[in-house]
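Undergrad: After the structure tokens below, expect a handful of questions from me.
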Amino acid sequence: MVRRSVLVTGGTGGLGGAVTAAFREAGWRVVVPERRSTTAESAADDVVRLAADLTEPAGAARAVEAAAGDETVPLRAVVNLVGGYASGGLVHETPIDEFERMLTANLRPTYLVTRAALPHLVAAGGGAVVCVSARAALSPFPGAAGYATAKAAVLAFANAVAVEYRRSGVRANTVLPSVIDTPANRAAQPDADHSRWVAPAEIATVIRFLASDESAPTSGAAVPVYGRA
């Protein structure tokens with residue numbers, strides 16, 4: 001098996017842990033940037049962690065350089081998990097700062113990291129970009145216009161990458177979860193039917209497939225991962 005590296009942003013979150021584990025199990029070297037300062041380390045389990053602020057160009061570049069720095073395990077995939085959610089009032093009740101905060105949290109890191117990684121993916125002969133949008137991008141609900149708009153922008157951005165880099169062998173696809181079954185979401189919605197939500201490990205399997213050679217013919221796809229929600 002030819003070994004390769006994957007950069008997983010948001011790799012410490014509720015979904016990120018499952019995605020990191022899925023790639024490790026498949027033999028990938030996983031690079032996980034963290035916002036808070038940590039000591040960069042390469043552990044025996046092939047997970048490299050480093051401090052990087054992905055909302056800034058320098059931080060995104062630092063994370064990509066760590067992922068692409070070992071020529072024996074070239075960077076072949078980028079998984080953009082970083083994002084955030086906030087609910088509020090209707091559109092006319094939502095301050096512009098809150099609306100833009102959703103764009104910054106969800107779109108800016110995805111753009112900066114992908115932009116920095118694309119030259120490396122092209123130089124390696126191709127690869128995959130997988131982004132995480134949300135069902136709300138296609139089916140918005142009241143009180144979350146900023147979130148729905150930001151996730152729709154993530155989907156549009158991934159589709160643009162798919163078109164622009166098709167001839168360079170770089171694919172871009174998006175997964176659209178419903179409600180992810182994480183401790184934070186359970187705490188926020190204690191009375192919901194959690195059995196209908198989608199488990200992080202289930203989403204991670206789909207993401208790993210979209211990053212692998214098995215999905216080579218697929219680019220520009222928006223894959224629903226709704227569970228039974």
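Undergrad: Based solely on its DSSP helices, what 222 nm [θ] is calculated for the chain when runs of n ≥ 4 H residues each add -39,500 (n - 2.57) and the sum is averaged over all residues, nearest 500 deg cm²/dmol?
TA: The helix-only estimate for the chain comes to -12000 deg cm²/dmol at 222 nm.
Undergrad: DSSP H helices in the chain with Cα extent of 27 Å or more along the helix axis and mean Kyte-Doolittle hydropathy at least 0.5?
TA: Flagged H segments are 145-164.
Undergrad: How many nm separate the modelled label positions at Asp70 and Glu93, each set 7 Å beyond the Cα in the direction of the Cβ?
TA: 5.1
Undergrad: Calculate one ³J(HN,Hα) per residue across region 189-198 by plugging θ = phi - 60° into the Karplus curve 6.51 cos²θ - 1.76 cosθ + 1.60, and present them in order as whole Hz with x for glycine and proline.
TA: With the stated coefficients, region 189-198 comes to 10, x, 9, 6, 7, 5, 5, 8, 6, 9 Hz.
Undergrad: Can you give the charge dipole size of the chain about its Cα centre, rounded to the nearest 20 debye, using +1 on the beta carbon of Lys and Arg and -1 on the beta carbon of Asp and Glu?
TA: Computed charge dipole of the chain: roughly 400 debye.
Undergrad: What part of the accessible area of region 116-164, given as a whole %, is carbon or sulfur when the probe is 1.4 angstrom?
TA: Carbon plus sulfur share of accessible area: 64 percent.
Undergrad: Quick query: amide H of Arg35 versus all other amide H atoms, modeled in the peptide plane; which residues come in under 5 Å with a sequence gap of 5 or more or a different chain?
TA: Sorted by chain and number, the residues that satisfy this are Ala52.
Undergrad: Using modelled amide H (1.01 Å from N, peptide plane; none on Pro or chain starts), what sits under 5 Å from the amide H of Val129, excluding residues fewer than 5 places away?
TA: So Val129 has HN proximity to Val78, Arg171, Ala172, Asn173.
Undergrad: Which of the peptides 83-89, 202-208 is most tightly packed, and how do the rest follow, going by the mean number of other Cβ atoms within 10 Å of each residue?
TA: The packing order, highest mean first, is 202-208, 83-89.
Undergrad: Let me ask something else. Of the listed peptides 4-11, 193-200, 46-53, what is their order by residue-averaged count of other C-beta atoms within 10 Å, with the highest listed first?
TA: The most tightly packed comes first, giving 4-11, 46-53, 193-200.
Undergrad: Something else now. Before I look further, what does the chain give for accessible area per residue, probe 1.4 Å, in whole square angstrom?
TA: In whole numbers, the chain has 48 Å² accessible per residue.
Undergrad: Tell me the net charge near Arg186. Cut-off is 14 Å between Cβ atoms, Arg186 excluded, with +1 for each Lys or Arg and -1 for each Asp or Glu.
TA: -2
Undergrad: Leu75's amide H: which non-local residues (gap 5+, or another chain) put their own amide H closer than 5 Å, with H modeled 1.01 Å from N in plane and none for Pro or chain starts?
TA: Close amide H contacts, sequence-distant or interchain: Ser5.
The values are calculated or read from the model by the stated rules, or taken from the named source; none is laboratory data. Treat the numbers as computed from the prediction; the structure is a model and nothing was measured. No Cβ is skipped: glycine too gets one built from the backbone with ideal geometry, and neighbour counts run over all protein chains shown. The area values use the complete protein model at the heavy-atom level, side chains included, leaving out ligands, DNA and RNA. Shrake-Rupley method; radii C 1.70, N 1.55, O 1.52, S 1.80 Å.
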